[in-house]
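Engineer: Quick one: structure below, then a few questions.
The values are calculated or read from the model by the stated rules, or taken from the named source; none is laboratory data. Everything quoted here is computed from the prediction, not taken from an experiment. The area values use the complete protein model at the heavy-atom level, side chains included, leaving out ligands, DNA and RNA. Shrake-Rupley method; radii C 1.70, N 1.55, O 1.52, S 1.80 Å.
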Amino acid sequence: MANTKSAAKRARQTGRRTLFNKRALTSVKTQVKDFRKKVATKDKAAAKASFQSLISEIDRAAKNGRIHKNAANRKKSRLNKALAALA
């Protein structure tokens, strides 16, 4: 338990930030799974639509510091490669 008011506040802030970060990362992971499922079924139109929203979500997470920018670019590159393999 925190010994000072400032330590208690930092603990509250950390808990809140952890929740926000976890929510954003879980959302990205869920969308990646959904995208990969569409690629596996070779549904090109649905995969392309899913890809657009997924890229937007990854960019947002990277902008807010929830994912490192290089990790975000790596994810986008690999997903784009999977989409291109459908063509």
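Engineer: Report, in degrees rounded to the nearest 10, the 0 to 90 angle that the Cα long axis of helix 69-86 makes with the longest principal axis of the chain.
Structural biologist: Around 20 degrees separate the two axes.
Engineer: Tell me, what % of the accessible area of the chain is carbon and sulfur with a 1.4 angstrom probe? All intermediate terms of the calculation are to be shown ahead of the outcome.
Structural biologist: Working: 3450 of 6500 Å².
Carbon and sulfur: 53 percent of the exposed surface of the chain.
Engineer: Quick one: angle between helix 5-40 and the longest Cα principal axis of the chain, in degrees between 0 and 90, rounded to 10, please.
Structural biologist: 10
Engineer: Sticking with this structure for a sec: Ignoring ligands, DNA and RNA, what accessible area per residue does the range 2-64 give at 1.4 Å, in Å²?
Structural biologist: Details: 4660 Å² over 63 residues.
Averaged over the residues of the range 2-64, the accessible area is 74 Å².
Engineer: I would also like to ask the following. How far, in degrees from 0 to 90, does helix 44-63 lean away from the longest principal axis of the Cα atoms of the chain, to the nearest 10?
Structural biologist: Result, in degrees: 30.
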